[in-house]
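The values are calculated or read from the model by the stated rules, or taken from the named source; none is laboratory data. Computed from a predicted model, the values in this text were never measured in an experiment. So basically every Cβ, Gly included, is an ideal-geometry build from the backbone, and we count neighbours across all protein chains shown. The protein model used for the area step is the full one, side chains on, heavy atoms only, and it has no ligands, DNA or RNA in it. Shrake-Rupley method; radii C 1.70, N 1.55, O 1.52, S 1.80 Å.
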Amino acid sequence: MEALRQRIERQVLSITGLSLGGIDLEHPPGDPGLFGPDSVTWRIHGDFTSMLCGGVSALLLQMLHPLALAGVWDHSNFRDDMLGRLRRTSQFISGTTFGATADAERLIQRVRAIHDQVSGQDAHGTAYTASDPALLVWVHVAETYSFLQSHLRYRNPHLPPADQDAYYREAARVAYALGAGPLPESVAAVEAYLAQMRPQLRYDARTAEVVRVLLSAPAPSRLAAPFGALMMQAGIDLLPGWAAAQLRLPISPARRRAVRFGTRRLARLLRWAVRNGSWHRAMRRMGRL
């Protein structure tokens, strides 16, 4: 049984930012990082299954913004290495959430430097820069909204409203450090922001290609393939109804029920198997495990 657990854990960690190395989440002892173990952010970002499903949903939602899409289209090798992109994104989120203070700040500065080099025009000739504060708000809100929705569905549907608001306030710290602003920092403000943004969102041939590449991205192994496909479907299911319709990603009620049932079963398995994820390592750094 232990051999099986370790095999599952290796498969899980291979698709996260931990596989890239470069950050020691267990040192230095006692450093709480940007949030600390009692934060809502540690609770929400600490569950692998809900974070992966939320990450898929966030990427799909982000790609409806033509300028966010253009940045990925022009300056990313997503067509050839979607798994690598997901790992790098995972490393940034994991490192800024669970890393020691110096590591988190280093990651933020590295991404800011990359953003300063990313600019261009979208398919309709509108100029963009990755460091645009308003564009960074969109990327951040799409992520945090999706992570919270996934947490509520697959980890803790009873998370108090006050904690949900606190999550948006806490997570805003990283977005502000990246240059975003002004940010919505409550459930009500995020919902209002998404409604306000809808007229600016667009689905076109580029969006369709990114969706196709994401949904057909190869799994790291044959063993992981069926689980990856399930999480992709769970990410689609997490989208707001209007976004799923705009992305041409319908899902039937029967399929929804099957996806949610399967994902909850998978989440229980992965929580049993994973004992060295980012949350576990950071909690050891803080002397909590």
I'd like to know if the range 257-274 contains one or more residues that are open to solvent by 40 Å² or more (accessible area, probe 1.4 Å), outside any helix (DSSP H, G or I) and either more than 17 Å from residue 235 (Cα to Cα) or not basic (Lys, Arg) (or both).
no
Can you report the number of residues in the range 205-219 which are surrounded by 12 or more Cβ atoms within 10 Å (Cβ to Cβ) and part of a helix (DSSP H, G or I)?
9
Selection from the range 207-218 of residues within 18 Å of the chain's Cα centre (by Cα) and in contact (Cβ under 8 Å) with a residue 60 or more places away in the chain yields 210, 211, 213, 214, 217
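Checking the condition open to solvent by 40 Å² or more (accessible area, probe 1.4 Å), closer than 29 Å to residue 80 by Cα, touching a helix residue (DSSP H, G or I) at 6+ places or on another chain (Cβ under 9 Å) and of a type in the set (Lys, Arg), which residue from 155, 202 passes?
Working: 155 fails: closer than 29 Å to residue 80 by Cα.
202 is the lone residue from the list that is open to solvent by 40 Å² or more (accessible area, probe 1.4 Å), closer than 29 Å to residue 80 by Cα, touching a helix residue (DSSP H, G or I) at 6+ places or on another chain (Cβ under 9 Å) and of a type in the set (Lys, Arg).
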Selection from the range 118-129 of residues that are touching a residue at least 24 places away in the same chain (Cβ under 8 Å) and either open to solvent by 20 Å² or more (accessible area, probe 1.4 Å) or on the phi > 0 side of the Ramachandran plot (or both)
118, 120, 121, 123, 124, 126
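Does the range 2-20 hold any residues that are among the hydroxyl-bearing types (Ser, Thr, Tyr) and either buried (at least 18 other Cβ atoms within 10 Å of the Cβ) or modelled with pLDDT of 95 or more (or both), and which are they?
Residue satisfying the conditions is 16 alone.
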Exactly one condition in (1) open to solvent by 20 Å² or more (accessible area, probe 1.4 Å); (2) within 26 Å of residue 141 (Cβ to Cβ) is false for residue 50; which is it?
(1)
Can you tell which of 235, 277 is under 30 Å from residue 195 (Cβ atoms), in contact with a helix residue (DSSP H, G or I) (Cβ under 7 Å, 6 or more places away or on another chain) and surrounded by 14 or more Cβ atoms within 10 Å (Cβ to Cβ)?
235
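For residue 112, state whether it is free of Cβ contacts under 8 Å to residues at least 12 places away in the same chain, assigned to a helix (DSSP H, G or I) and open to solvent by 20 Å² or more (accessible area, probe 1.4 Å).
When the stated conditions are applied, residue 112 does not pass them.
Can you find a residue in the range 150-158 that is within 16 Å of the chain's Cα centre (by Cα), within 26 Å of residue 249 (Cβ to Cβ) and of a type in the set (A, V, I, L, M)?
Of all residues in the range 150-158, those within 16 Å of the chain's Cα centre (by Cα) come to 150-155.
Applying the additional criterion that residues be within 26 Å of residue 249 (Cβ to Cβ) yields 150-155.
Narrowing the set further to residues that are of a type in the set (A, V, I, L, M) leaves 152.
Within the range 150-158 (the criterion being within 16 Å of the chain's Cα centre (by Cα), within 26 Å of residue 249 (Cβ to Cβ) and of a type in the set (A, V, I, L, M)), the answer is yes, since at least one residue qualifies.
Inspect all residues belonging to the range 66-83 and state whether any of them is in a loop (DSSP other than H, G, I, E, B) and in contact with an Asp or Glu (Cβ under 7 Å, 6 or more places away or on another chain). Give the derivation first.
In the first step, residues of the range 66-83 are kept if they are in a loop (DSSP other than H, G, I, E, B); the result is 76-81.
Pick out the ones that are also in contact with an Asp or Glu (Cβ under 7 Å, 6 or more places away or on another chain) and you get none.
No.
Residue by residue through the range 220-248, note down the ones that are within 19 Å of residue 155 (Cα to Cα) and assigned to a helix (DSSP H, G or I). Give the derivation first.
At the first step, the residues of the range 220-248 found to be within 19 Å of residue 155 (Cα to Cα) are 227-228, 230-240.
Of everything in the range 220-248, those that are within 19 Å of residue 155 (Cα to Cα) and assigned to a helix (DSSP H, G or I) turn out to be 227, 228, 230, 231, 232, 233, 234, 235, 236, 237, 238.
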Six or more apart or on different chains, Cβ atoms under 7 Å: show the pairs whose first residue is in the range 58-69 and at negative phi and whose second is among the basic types (Lys, Arg) and part of a helix (DSSP H, G or I).
69/206
If we scan the range 21-36, do we find a residue that is more than 11 Å from the chain's Cα centre (by Cα), over 20 Å from residue 289 (Cβ atoms) and open to solvent by 40 Å² or more (accessible area, probe 1.4 Å)?
yes
Considering only residues that are within 13 Å of residue 18 (Cα to Cα) and crowded, with 21+ Cβ neighbours inside 10 Å, look in the range 63-92 and name the one that is nearest to the chain's Cα centre (by Cα).
90
Cβ pairs under 6 Å, 6+ apart, first in the range 221-235 and in contact (Cβ under 8 Å) with a residue 40 or more places away in the chain and within 12 Å of residue 259 (Cα to Cα), second part of a helix (DSSP H, G or I) and open to solvent by 40 Å² or more (accessible area, probe 1.4 Å):
231/52; 232/215
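Within the range 161-184, how many residues are outside any helix (DSSP H, G or I), open to solvent by less than 60 Å² (accessible area, probe 1.4 Å) and either basic (Lys, Arg) or at pLDDT 95 or above (or both)? Don't jump to the end; show me each part of the working.
First pass over the range 161-184, keeping only residues outside any helix (DSSP H, G or I): 179-184.
Filter once more, keeping what is open to solvent by less than 60 Å² (accessible area, probe 1.4 Å): 179-181, 183-184.
If we keep only those that are either basic (Lys, Arg) or at pLDDT 95 or above (or both) as well, we get 179-180, 183-184.
Counting residues in the range 161-184 that are outside any helix (DSSP H, G or I), open to solvent by less than 60 Å² (accessible area, probe 1.4 Å) and either basic (Lys, Arg) or at pLDDT 95 or above (or both) gives 4.
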